[in-house]
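Please read the structure below before turning to the comments.
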Ligand SMILES: [Zn+2]
């Protein structure tokens, strides 16, 4: 089942990224005037699951004012418990129609796993990235392991969100919510959209 609200919202976020790229953002400049409008409550239009990387700021890169995005950030944009809780609230309480899993180029969480560095940090969360890298390694003809792992890691998080949360699964299967995946390019601020999740 297709959600028109999800598609409309996705197009709104992509238009925001185009404004950001054109150097004509409106989200930040109108932020202060939005504050009183959302003081008593908000209706965010999308959930974004992103990395903590300082270059990956969802409100800026999607050019959205305060009150529009419900954001969960964790190293490597994996499915941490906090991300699942965020999604459960987003689906059950706020009934947000769109979930965006946003990876990014130059992700340290992915690079360390791909390069085999063992820092002892991250535990189970790093394991999710390692599983994405292992899945990519099995494919034939992979020349760019890091960037393929970044893409696969986005897809894996999207899959886990559905398989590990009853609330998300029900929202997705009933058509109330849709998932989209993208990779933000830290080199130029653009987005690579991932077709299949
Ligand atoms: Zn990252």
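Every number here is computed from the coordinates shown, using simple stated rules; none is lab data. Treat the numbers as computed from the prediction; the structure is a model and nothing was measured. Neighbour counts are summed over all protein chains in view; Cβ atoms, including those assigned to glycine, are modelled from backbone coordinates with ideal geometry.
General observations
- Gained length - residue 118 relative to residue 21, 0.36 nm times residue gap less alpha-carbon distance: 31.3 nm
- Cα-based equivalent ellipsoid of the chain: semi-axis lengths in Å, sorted from largest, via gyration tensor: 27, 20, 16
- Summarising the label geometry, the points placed 7 Å from Cα in the beta-carbon direction at residue 40 and residue 137 lie 5.7 nm from one another.
- With each label modelled as a point 7 angstrom along the Cα→C-beta vector, the residue 127-residue 60 pair spans 3.4 nm.
- Fully extending the segment from residue 164 to residue 190, taken as 0.36 nm per residue of separation minus the present Cα-Cα distance, adds 6.3 nm.
- The gain in end-to-end length when the residue 89 to residue 29 segment is fully stretched comes to 18.7 nm, 0.36 nm per residue minus the alpha carbon separation.
- For a label point 7 Å along the Cα-to-beta-carbon line of residue 173, residues of region 1-38 with backbone N under 15 Å: 1
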